[in-house]
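Colleague: Just dropping this structure here.
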Amino acid sequence: MEIKLTRRVSGIAESATLAISAKAKILKAEGRDVVNFGVGEPDFNTPDYIIEAAIKAMREGKTKYTPASGIPELKKAIVENRKLAVGVEYSPSQVVIGTGAKQPLYNAVAALAEEGDEVIVPSPYWVTYPELAKYCGAKSVFVETKPENGYKMTAAELEKAITPRTKLLILNSPNNPTGAVYSREELSAIADVVLKHDGIFVLSDEIYRDLVYGGKKHVSIASLGEEIKSRTIIIDGMSKSYAMTGWRIGWAIAPEKIAAAMTRAQSHMTSNVNSVAQYASLEGLTNREKSDEFIAGMRKTFDSRRLAAVKILENHGAKFIMPEGAFYIFVDVSVTYGKPTRGGNKIENSAGFANALLNEKEVAVVPGSAFGADNYIRISYAIDESALKKGIEKLCVFIEETAE
């Protein structure tokens, strides 16, 4: 019997970041010395005080179901953390804790966009945004950002993209994959455009907010006044700032009506997220002295790696987007397109480049096509500095050899 899948599932693409990492792991298992620039997660272990809090929670029997939207203590800690970080006040009832940041992202899109609606997505974008819109039956409207604007969408570009069907704008600052960070002035201009149109909300993905460099500062669009705050759903989580990717704790902070709708949906889909991980996250958010020290140390290490990677790229004359936040560099490899590699592969696009680089130089990168920018590949500098330098040297040599 033929198995006929729904259009909803059939149209969803596999995550390119997870796919390239899986291939790299297979080669490593075969004994090959692979440098993996693929998946974006800190190479730091979760801090001991957070791990100890999880053990304590288990010993105290905190291993049962919790409310679907999360334990009250954690929701309160999230709003207090948000107030300290950006000066914006929320109620714990506006917080919905989900499985990592992906579930709250999906919940938010599902609550606001459906068949025939449009979701504006600045490009380059994180791979999951258009897939979530597609899953909900909505159409992604991509706004191509320009180098002269630091690969950030302008207010004028946003205005041009809006139609009567627009329901949602997805903003990601600091940005994955470019590392771009929107300024207060840029966000204020975008907020003005949004507020001119009824029924449009902003989905602000701020998961990298603690990882900003070079004197830049993260600004949340929700901090720019009560009007735009009432139109904004913030997405955040423990994964990046606290090196807790595997614990799968993220959240949305949304207007009350949207938060309630997200909670109702989640109560049927997954119910609550891992109870022990919630108590571990509570420790991370409330033990501010230790957490501030950990985050500052991690940020300093990432910045050192960022500068080391940039230096090698510049020394080789490689073209790339200078990152201001997160832990990625977007490298332009289009100079190799249409040319054969020394291993006999002809490169036609970023996927072909990534495959040839992995097979010939044992360096794993994510093709830019996954982010809506086929001339680029993404590398993550959330790896050991010695491996980082070795991998980037190999990348640059591969570009030079192929482009000859």
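Colleague: Can you run down the residue pairs with Cβ atoms below 8 Å, 6 or more apart or on separate chains, where the first is in the stretch 338-352 and among the acidic types (Asp, Glu) and the partner is in a loop (DSSP other than H, G, I, E, B) and surrounded by fewer than 18 Cβ atoms within 10 Å (Cβ to Cβ)?
Modeller: From residues that are among the acidic types (Asp, Glu), the pairs are 348/337; 348/338.
Colleague: Criterion first (over 21 Å from residue 210 (Cβ atoms) and out of contact with any strand residue (DSSP E or B) (no Cβ under 6 Å at 6 or more places or on another chain)) does residue 71 satisfy it?
Modeller: yes
Colleague: Mind checking which residues of the stretch 107-130 are in a helix (DSSP H, G or I) and open to solvent by 40 Å² or more (accessible area, probe 1.4 Å)?
Modeller: Result: 110, 111.
Colleague: Consider the stretch 145-177. How many of its residues are open to solvent by 40 Å² or more (accessible area, probe 1.4 Å), in a helix (DSSP H, G or I) and not charged (D, E, K, R)?
Modeller: Qualifying residue count for the region: 3.
Colleague: Next question. Exactly one of (1) open to solvent by less than 10 Å² (accessible area, probe 1.4 Å); (2) at positive phi is unmet by residue 222. Its number?
Modeller: Status for residue 222: all satisfied but (2).
Colleague: Identify, please: which residue in the stretch 178-206 is more than 17 Å from residue 120 (Cα to Cα) and out of contact with any strand residue (DSSP E or B) (no Cβ under 6 Å at 6 or more places or on another chain) and is, among those, surrounded by the most Cβ atoms within 10 Å (Cβ to Cβ)?
Modeller: In this case the residue turns out to be 180.
Colleague: Being touching a strand residue (DSSP E or B) at 6+ places or on another chain (Cβ under 7 Å) and either among the small types (Gly, Ala, Ser) or not in a helix (DSSP H, G or I) (or both) is true for just one of 382, 373. Which residue is that?
Modeller: 373
Colleague: Looking at the stretch 54-64, is at least one residue assigned to a loop (DSSP other than H, G, I, E, B), of a type in the set (Ser, Thr, Tyr) and within 30 Å of residue 263 (Cβ to Cβ)?
Modeller: yes
Colleague: Go through the stretch 22-53 and report how many residues are in contact (Cβ under 8 Å) with a residue 60 or more places away in the chain and either assigned to a loop (DSSP other than H, G, I, E, B) or buried (at least 19 other Cβ atoms within 10 Å of the Cβ) (or both).
Modeller: Going through the stretch 22-53 one residue at a time, the tally reaches 19.
Colleague: Also, I was wondering about something else. Looking only at the stretch 359-370, filter to residues that are part of a helix (DSSP H, G or I), of a type outside the set (A, V, I, L, M) and under 26 Å from the mean Cα position of the chain (by Cα); which one of those is surrounded by the most Cβ atoms within 10 Å (Cβ to Cβ)?
Modeller: 368
Colleague: How do the pairs read when you match residues in the stretch 215-231 that are at pLDDT 95 or above with residues anywhere that are open to solvent by 80 Å² or more (accessible area, probe 1.4 Å), using Cβ under 7 Å and keeping only pairs 6 or more apart or on different chains?
Modeller: Partner pairs satisfying both residue conditions: 219/184.
The values are calculated or read from the model by the stated rules, or taken from the named source; none is laboratory data. Everything numeric here is computed off the predicted structure, so don't read it as measured data. Note that each Cβ is placed from the backbone with ideal geometry, even for glycine, and that neighbours are counted across all protein chains shown. Ligands, DNA and RNA are excluded from the accessible area calculation, which covers all protein heavy atoms including side chains. Shrake-Rupley method; radii C 1.70, N 1.55, O 1.52, S 1.80 Å.
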